[in-house]
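S.K.: Have a look at this one before I ask anything.
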Amino acid sequence: MANELLRGLPIDHVALAVRNTDDALRLYVDTLGMEASPTEVAADENLKVTFLTGANARIEILEPLPGDSAVARFLEKRGEGVHHVCFVVPDLPATLERLRVAGYQLVDEQPRQNFHSRWLAFVHPKSTNGVMIELYQRT
């Protein structure tokens, strides 16, 4: 069911959890030539967020600020690496319902807004082969 659901849906970005954004920027910007947008603070998630753009890819760099956060706990448990893959979906509530009916574990039962007021939801990695999936609706 998930393969049918996500078939053909574009990937918006891959998010990486890092301990130090500057170290990541040295690799992705200075060495690999990606372009970085200004780093922003997502205060409600206790994070620094930097988007990188390449010819055909976007990467989101997530660095936890001091204190507790989901990304800090992720780094503690798993170390640096892929945090999630984000797919663009045309109808977020309907997609969540299809996943719920198919038995996937949702982190967000309902869509929520991120720090840019964009609608998103996460699917738990326990039910998706160990990779957290973010679902994002552009409109």
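The values are calculated or read from the model by the stated rules, or taken from the named source; none is laboratory data. Keep in mind the model is a prediction, meaning the values are calculated, not measured. Positions of Cβ are generated from backbone atoms using ideal geometry, with glycine treated the same way; all protein chains shown enter the neighbour counts.
S.K.: Among the residues of the range 68-77, write down those that are under 16 Å from Val107 (Cβ atoms) and either touching a strand residue (DSSP E or B) at 6+ places or on another chain (Cβ under 7 Å) or touching a residue at least 60 places away in the same chain (Cβ under 8 Å) (or both).
M.R.: Within the range 68-77, Ser69, Val71, Phe74 meet the criteria.
S.K.: Another question, if that's okay. Filtering the range 18-43 down to residues that are part of a helix (DSSP H, G or I) and of a type in the set (Gly, Ala, Ser), which residue is surrounded by the fewest Cβ atoms within 10 Å (Cβ to Cβ)?
M.R.: Ala43
S.K.: Filter the range 77-101 for residues that are part of a helix (DSSP H, G or I) and either touching a Gly at 6+ places or on another chain (Cβ under 7 Å) or under 20 Å from Leu135 (Cβ atoms) (or both) and give the result.
M.R.: Passing the criteria: Leu92, Pro93, Ala94, Thr95, Leu96, Glu97, Arg98, Leu99, Arg100, Val101.
S.K.: Still on this model: Which numbered condition trips up Ala70, out of (1) modelled with pLDDT under 95; (2) of a type outside the set (Ser, Thr, Tyr); (3) more than 13 Å from Ala17 (Cβ to Cβ); (4) surrounded by 13 or more Cβ atoms within 10 Å (Cβ to Cβ)?
M.R.: Here Ala70 meets the rest and fails (3).
S.K.: Also, I was wondering about something else. Looking at the range 59-76, is at least one residue under 17 Å from Pro10 (Cα atoms) and either of a type in the set (D, E, K, R) or not in a strand (DSSP E or B) (or both)?
M.R.: First, the residues of the range 59-76 that are under 17 Å from Pro10 (Cα atoms): 59-60.
Remaining after also requiring either of a type in the set (D, E, K, R) or not in a strand (DSSP E or B) (or both): 60.
Looking for residues that are under 17 Å from Pro10 (Cα atoms) and either of a type in the set (D, E, K, R) or not in a strand (DSSP E or B) (or both), one finds at least one in the range 59-76, hence yes.
S.K.: Does the range 36-62 hold any residues that are out of contact with any Ser or Thr (no Cβ under 9 Å at 6 or more places or on another chain) and modelled with pLDDT of 95 or more, and which are they?
M.R.: Val41, Arg58
S.K.: Going by the conditions given, is Leu62 surrounded by 19 or more Cβ atoms within 10 Å (Cβ to Cβ) and closer than 19 Å to Ser37 by Cβ? If you could, list the steps in order and put the result at the bottom.
M.R.: On the way: surrounded by 19 or more Cβ atoms within 10 Å (Cβ to Cβ): yes; closer than 19 Å to Ser37 by Cβ: yes.
Against the criterion (surrounded by 19 or more Cβ atoms within 10 Å (Cβ to Cβ) and closer than 19 Å to Ser37 by Cβ), Leu62 qualifies.
S.K.: Sticking with this one: Starting from the range 108-132, keep only residues that are over 12 Å from Val85 (Cα atoms) and free of Cβ contacts under 8 Å to residues at least 24 places away in the same chain, then list their pairs with residues that are loosely packed, with under 12 Cβ neighbours inside 10 Å and of a type in the set (D, E, K, R) whose Cβ atoms are within a distance under 8 Å, requiring at least 6 positions of separation or different chains.
M.R.: These pairs meet every condition: Arg118/Arg138.
S.K.: Can I ask one more? Go through the residues of the range 116-139 one by one and say whether even a single one is under 16 Å from Glu45 (Cβ atoms) and either assigned to a helix (DSSP H, G or I) or out of contact with any strand residue (DSSP E or B) (no Cβ under 9 Å at 6 or more places or on another chain) (or both).
M.R.: Yes, because at least one residue in the range 116-139 is under 16 Å from Glu45 (Cβ atoms) and either assigned to a helix (DSSP H, G or I) or out of contact with any strand residue (DSSP E or B) (no Cβ under 9 Å at 6 or more places or on another chain) (or both).
S.K.: Now for a different question. Please specify each residue of the range 96-130 satisfying the condition of being basic (Lys, Arg), farther than 21 Å from Lys48 by Cα and touching a Leu at 6+ places or on another chain (Cβ under 8 Å).
M.R.: Those that are basic (Lys, Arg), farther than 21 Å from Lys48 by Cα and touching a Leu at 6+ places or on another chain (Cβ under 8 Å): Arg98, Arg100.
S.K.: Can you name the residue in the range 44-59 that is more than 21 Å from Gly79 (Cα to Cα) and among the hydrophobic types (A, V, I, L, M, F, W, C) and, of all such residues, is surrounded by the most Cβ atoms within 10 Å (Cβ to Cβ)?
M.R.: Selected residue: Ala57.
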